[in-house]
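Just so you know, all these numbers are worked out from the coordinates, no wet-lab data involved. Just so it is clear, the model here is predicted, and its values are computed rather than measured. Cβ placement follows ideal geometry from the backbone for every residue including glycine, while neighbour counts extend to all protein chains displayed.
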Amino acid sequence: MFGYYLIIVLLLGIGTLVNRNNLIRILLLIIFLSAQTALAFYGFSHLKTSELGGNFYYDSLGILFLFVLTILSYTTIFHSYLYLQHRKDDSRNQSIYFAALIILIGAMTCVYLSATIGVMWVVIEATTLSVAVLIYHERTHLTLEATWKYVFICSIGITFAFVGIVFLSKALQEANSVNLSFSDIPSHLQNINTFWLKLAFIFLIVGFSTKMGLFPMHTIAVDAHTVAPPPISAFISTTLMNVGFVAIFRTYSLMSHTSILPWMNQILLLCGFLSIFVSTVYIIKVNHLKRMFAYSSLEHMGLTAIGLASGGIGYFAAILHMVLHSFVKASVFYQIDQIHRVFDTYIINKTGGYFSKNLTGALAMLLIFVSITAMPPSGMFVSEFLIFRSLFESHNIFLFVMILILLTMIMWALGKNIFSMLFLPYDEPGGKIVKINPWESASQFVLLSAAIYLGLNPPDAFMQLINDAVMLLHK
Amino acid sequence: MINVLLITFLITLFFIAIANRLMTYIKVLAFQGVILFTVVFIQLNDINTVNLILILMETIFFKSLAVPLFLAYIIKHNKITREAEPYLPNFISLIIVTMICVVSILLVNSIKDNELDKIFFVVALSALFTGLYFIISRRKIITHVMGYLIIENGIFVLSLALGSEMTMLVNIGIMLDIFVSVLVLGIFTNRIGDTFEAMSVDNLSNLKD
């Protein structure tokens, strides 16, 4: 099944690239979405089986994020279509855009389902290349700069990850194993020189944090957000960060049965705390709507890393947090596309009175504010609460208090900016009025309510997937 | 024999540190490709033939022909000035690269592991950090790419150290090569040269808060 999926994705990618007819393009995209959905359901009904000579397998963590990706593919393709229609891009650029998008979704699917660390590394490269095409879509000076930085630093990151893989194999070699699959590695890591493991972990986490957008390598993701088309920002901030998370989670789960577990937790706590700290520093003074939400993503990645490091209920909370964050952050960027069409700028100072210009959109934005700051009706309240509980139970009281203070500052900064955009009267000179179809906000309401539903009343199958994924880790 | 080759590889790093012209950089990169070709030929003698031929082809065609020729073409086509324009004088560069080598040697010697091929690790780590140093100490975008290529050659040496048992690693290293070539092709086919007139990183500072 997975082989067929790969062939279909490649063919559809090529088809979209050469095709110039709008109707056929829509048809191809619909075929792609059905293939994607079919794969997700097929994988769900065939959990714990492997494909393509053991290079890919359907495990709970991968399937969970595959479902998130599938749902967001529908909305992202829909909003990309709107975005391209409003920009009046020519047919050639639209073809390149959608072809790259299809390849990107296919590559991310491969990352979630890959069964060996080598294969995962290769497909992560593929995501970098395809997303670079999309970041460069507007073809301005700034996009070129951001694309160059993104590709260059991502490739250095991916090189570091490769060094990590080499060190890991060095460790495995001492245990007389040449098998690099995730299911096989942990059994060989019991009595091994921990020096190699520590070195491997450091390099792998620095490398994969380019994708997850964690502290040491967060800057490029922020720059890429600034210039990418909003539907692509939604992808960079959600599913692509999930790619990084899956990579780091798998690395962590490989080594969580060895004696270096406390040391790894220290590293992750440090990365997480510094992520939140840096995001607080910048979010207070930032005046660019997309950068503001990019830093907010950084904060949430920091929280996830801390959840992972705290252990116990934190493992569960970290995965839940990633899923809910994906839904909420995606709707943020779909909404930002509308805001940009209304005000023709991303600078927060030059916006205002959004309620009078686009009522539905403004309501969505208000709901987004409640969700992203994790106030009670939002599902993220549950996951953040669990993360804090695990932090408390692992006796990190000082860190706990510091993070609460930083989160309060972030909440204040987000509130100040979002409310000024929604409520402050602002008369722009020229004053052309852009009408936004209220139905364009529908996807945001659906995603936000999905986040609330999954957080407050998670269905059994969803809980089962997360619990299975946590089983990989040390109790 | 391998030791001689790897030490030659190390010496090329010193040579780049004091080189002035971009063409010298390109020639050294091509030379590193040839060295790697020979090392592969000697080191990976017990892997299957098809795979060996693939790796040999990759080192000789990609590393020592295609990429250097393409870089030379870019320099000519975009009329990039021939000087490397480092931020620091060459003498200090030389000292820093020496320090990097010494630190790598000390680091690798501190590992208590009998099966370790120390020379591979020393050369690989030196190349890795020297490449990073070139990236932060040179002004032009194209020298950043060259710094990255040096890092990548270093990584290739590292994967060769384990290559006899794990050919998969070497193959993945080749994927990295192809990836970088696509990167260089995609970004440099005219675009950056036409848009950033001076091809300097000073033009890459518009995105900030």
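Just a few scattered comments:
- Residues A:Tyr81, B:Tyr148 arranged by fewest to most Cβ contacts within 10 Å: A:Tyr81, B:Tyr148
- More than 18 angstrom apart: percent of Cα pairs within region B:73-178: 58 percent
- At 1.567 mPa s and 4 °C, Stokes diffusion of the protein assembly as shown via Kirkwood alpha-carbon radius, µm² per second: 50 µm²/s
- Residue order, fewest to most beta carbons within 10 Å, for B:Thr12, A:Thr140, A:Thr109: A:Thr140, B:Thr12, A:Thr109
- Placing unit charges on the Cβ atoms only, positive for Lys and Arg and negative for Asp and Glu, gives region A:1-114 a dipole magnitude near 320 debye about its Cα centre.
- Across chain B, C-alpha contacts under 8 Å between residues 6 or more apart give a mean separation that, scaled by the residue count, equals a relative contact order of 24 percent.
- Degrees between helix B:90-109 axis and first principal axis of chain B (Cα, 0 to 90, nearest 10): 30 degrees
- Annotation: for a label point projected 7 angstrom from Cα along Cα→Cβ of B:Asp46, residues of region B:124-167 with backbone N closer than 18 Å are B:160-167.
- Of A:Thr143, A:Thr16, the sequence from fewest to most neighbouring Cβ atoms within 10 angstrom is A:Thr143, A:Thr16.
- Per residue, the convex hull volume that the Cα atoms of region A:97-202 enclose (Å³): 80 Å³
- Extension gain (nm, one decimal) between B:Met57 and B:Phe91, 0.36 nm per residue minus Cα-Cα: 8.6 nm
- Helical mean residue ellipticity (222 nm; -39500 (n - 2.57) per DSSP H run of 4+; nearest 500) of the protein assembly as shown: -25500 deg cm²/dmol
- Pairs of Cα atoms nearer than 8 Å and 6+ residues apart set the relative contact order; for region A:1-107 it is 43 percent.
- Think of region A:153-299 as a dipole: +1 on every Lys or Arg Cβ, -1 on every Asp or Glu Cβ, centred on the Cα centre; then among A:Ala247, A:Leu180, A:Ile156, A:Ile156 lies furthest on the positive end.
- The lysine pair tally for region B:2-195, using Cα distances under 16 Å and a gap of 8 or more places or different chains, is 4.
- Note on A:Ile31/A:Val401: beta-carbon distance plugged into 1/(1 + (r/R0)^6) with R0 of 60 Å gives a FRET efficiency of 0.70.
- Think of each Lys and Arg Cβ as +1 and each Asp and Glu Cβ as -1; about the Cα centre, that makes the dipole of the protein assembly as shown roughly 1260 debye.
- For chain B, modelled as a GNM whose springs connect Cα atoms under 10 angstrom apart, the maximal fluctuation among B:Lys140, B:Lys27, B:Lys112 occurs at B:Lys112.
- Acute angle (nearest 10 degrees) that the helix A:313-343 long axis makes with the longest principal axis of chain A, alpha-carbon atoms: 20 degrees
- Selected from B:Phe62, B:Phe129, B:Phe91 as most flexible by GNM, with chain B as the system and alpha-carbon contacts under 10 Å: B:Phe91
- Efficiency of FRET from Cβ geometry, B:Glu115 and B:Phe14, R₀ 45 Å, rounded to 0.05: 0.95
- Each of A:Leu10, A:Val382, A:Phe98 was scored by the projection of its Cα onto the charge dipole of chain A, and the greatest displacement toward the positive side belongs to A:Phe98; charges sit on the C-beta of Lys, Arg, Asp and Glu.
- By the rule of a C-alpha distance below 27 Å, with chain neighbours fewer than 8 residues away ignored, the lysines paired with A:Lys435 are A:Lys88, A:Lys290, A:Lys329, A:Lys350, A:Lys357, A:Lys416.
- Computed E for B:Glu83/A:Asn467 - FRET, C-beta separation, R0 51 angstrom, nearest 0.05: 0.25
- As computed over region A:284-475, the Cα convex hull volume per residue (Å³): 104 Å³
- Acute angle (nearest 10 degrees) that the helix A:460-471 long axis makes with the longest principal axis of chain A, alpha-carbon atoms: 40 degrees
- 27 Å tail of the calculated P(r), chain B, as % of Cα pairs: 32 percent
- Region B:2-195, dipole about Cα centre (Lys/Arg Cβ +1, Asp/Glu Cβ -1), debye to the nearest 20: 840 debye
- Phi angles across region A:392-400 convert, under the Karplus curve 6.51 cos²θ - 1.76 cosθ + 1.60 with θ = phi - 60°, into 3J(HN,Hα) values of 5, 5, 8, 6, 9, 5, 4, 4, 4 Hz, Gly and Pro given as x.
- Choice from B:Leu176, B:Leu94, B:Leu54 showing the highest fluctuation, given a GNM over chain B with Cα pairs closer than 10 Å: B:Leu54
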